[in-house]
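Only the coordinates and a few stated rules stand behind these numbers; no lab work does. Remember, predicted model here, so these are calculated numbers, not experimental data. For neighbour counting, all protein chains shown are included, and Cβ atoms are generated from backbone atoms with ideal geometry for every residue, glycine included.
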Amino acid sequence: MKYRTLGKTGLKVSEVGMGTWQLSGSPWGWDKPDEEESKKALYRYVELGGNFIDTAWVYGRYDEVGDPSGGTPSEEFIGEFLKESGNREKIIIASKIPGKNRKWPARYGVPISEVFPEGYIEEMVDGSLSHLGIDSIDLMQFHVWMDDFAKEEGWKNEIQRITKKGKVKFWGISINDYQPSNVLKTLDTGLISSVQFIFNIFHQKPTEKLLPYAKENNIGLICRVPLDEGGLSGRITMETRFEDGMRSKYFSEERLPEFVKRTGELKKLLGNEAKTLPELALRYLLSFDEVSTVIPGTRKIATVEANASVSDGRKLPAELMEELKKHVWERNFYVDYDPSLKESGYIEK
Ligand SMILES: NC(=O)c1ccc[n+]([C@@H]2O[C@H](COP(=O)([O-])OP(=O)(O)OC[C@H]3O[C@@H](n4cnc5c(N)ncnc54)[C@H](OP(=O)(O)O)[C@@H]3O)[C@@H](O)[C@H]2O)c1
């Protein structure tokens, strides 16, 4: 495993992180969650040199967002792992604070008093610390954001107070899906060290503004959904069906032919540079120097091993990177299912 610096935090993070939305407690995934396998996957990840685990207060607490919870919430599951493995010192823990109104994505025009009111941030940090069973969180991220919040003072004062108390070392923002610039004014405050955002072969928009900004200002970049929720896993066929609410829509029967066609085109590019589609997808991201780490959702030993093996320092050649530009497929999941978002100007131009 290779390591990169997470922007101005100075933390050395493994190039391949572990996304844990589906690790436990959530019916989200290719098949039903298996906590025994998930625990083994965590051990294997660390054994292979992985040191960056991304979780969130809400993962596995789906009663909170109207979806039944299936087992141990992700933060608690990771807390158990840290305790029983004695690995706390080796691992960089990143978690997230949901908006108080529990709305994803953050809505334009909704005041910060409804999303991150004063006092609420520390209350949620305390909750995450207790779930994880640790004294300090390495990176705490806002799970939704609106760049208009940059002009508010309350959150700025509160995060500085929390940092002084030692409860959080660094702060990040996990920005709204498909809005890679909806954070730039906030980054100008200097209080935020990293951005987590959707970036993959299909969604290349972050290369336009976010990557150049991050390079110039030493912001850590955490690429989420690197496999397009599984669209770039190489496993989608016309027969693919998901039971979970989100992916049954994302991979609806009407959309499958387009996924199959587009991934078929990408598979023609496989060869010496990348043997599988997920390998191509992760190598694509790690070929950008600005990227600090990629966090594929992983909960199985086999996928942990496959993903970790991509971190060998080998970048894709410039011609292949150029060719991949032709495979952009911008879509917006949220707007498709909630047309009111379109009216509120949700799609970033
Ligand atoms: N708003 C936010 O802040 C936000 C939103 C979404 C995600 N995230 C974070 O980003 C992480 C990654 O996103 P994601 O999990 O939604 O999407 P993703 O990483 O693009 O895709 C995950 C899917 O890919 C499969 N997979 C992983 N590695 C594979 C491999 N080597 N070969 C074949 N299939 C593979 C997984 O399989 P299995 O189903 O078999 O495990 C899972 O179904 C999350 O876990 C979470 O930590 C944050």
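Using the beta-carbon distance between E35 and Q160 and R0 = 45 Å, what value does 1/(1 + (r/R0)^6) give for FRET efficiency, to the nearest 0.05?
Working: r = 37 Å, r/R0 = 0.83.
Computed FRET efficiency for E35 and Q160 comes out at 0.75.
What distance in nm separates the simple spin-label points at E89 and I301, each placed 7 Å from Cα in the Cβ direction?
About 2.8 nm separates the two model spin labels.
Using a 7 Å offset from the Cα along the Cα-to-Cβ direction at both R255 and K169, what is the distance between the two label points in nm, to one decimal?
That separation, rounded to one decimal, is 3.6 nm.
Reachable aspartates and glutamates from K167, Cα under 15 Å, same-chain residues fewer than 8 places away excluded?
Excluding near neighbours in sequence, the set is E122, E123, D126, D135, D138, E158.
Gaussian network model of the chain, Cα springs within a sub-10 Å range: biggest mean-square fluctuation belongs to which of K156, K185, K326?
Highest fluctuation of the listed residues: K326.
Excluding K215 itself, calculate the net charge of residues whose Cβ lies under 9 Å from the Cβ of K215, where each Lys or Arg counts +1 and each Asp or Glu counts -1.
Once positives and negatives cancel, what remains is -3.
Report, ordered by chain and residue number, the lysines lying within cross-link reach of K40, taken as a straight Cα distance under 20 Å and ignoring same-chain residues fewer than 8 apart.
The qualifying lysines are K32, K83, K90, K300.
Quick check on the chain: of the DSSP beta bridges with both residues there, what percent are antiparallel, nearest 5%?
Counting DSSP beta bridges with both partners in the chain, the antiparallel share is about 10 percent.
With the chain treated as a Gaussian network of Cα nodes joined by springs under 10 Å, which of P257, P73, P278 yields the largest mean-square fluctuation?
Maximum fluctuation in the GNM of the chain, among the listed residues, is at P257.
Can you list the aspartates and glutamates whose alpha carbon is less than 17 Å from that of K268, not counting same-chain residues fewer than 8 positions off?
E258, E279, E319, E322, E323
May I ask which of K151/K205; K12/K205; K267/K315 have a Cα-Cα span longer than 23 Å here?
K151/K205; K12/K205
Listed highest first by mean packing, meaning other Cβ atoms within 10 Å per residue, what order do 35-45, 224-234 come in?
So the order, starting with the most tightly packed, is 224-234, 35-45.
Please give the contour-minus-distance gain from R235 to S309: 0.36 nm per residue of separation, less the Cα-Cα distance, rounded to one decimal in nm.
Values: separation 74, 0.36 × 74 = 26.64 nm, distance 1.89 nm.
Separation in residues times 0.36 nm, less the Cα-Cα distance, equals 24.8 nm.
If you average the sequence gap of Cα pairs under 8 Å that are 6 or more apart and divide by the length of the chain, what percent do you get for the contact order?
21 percent
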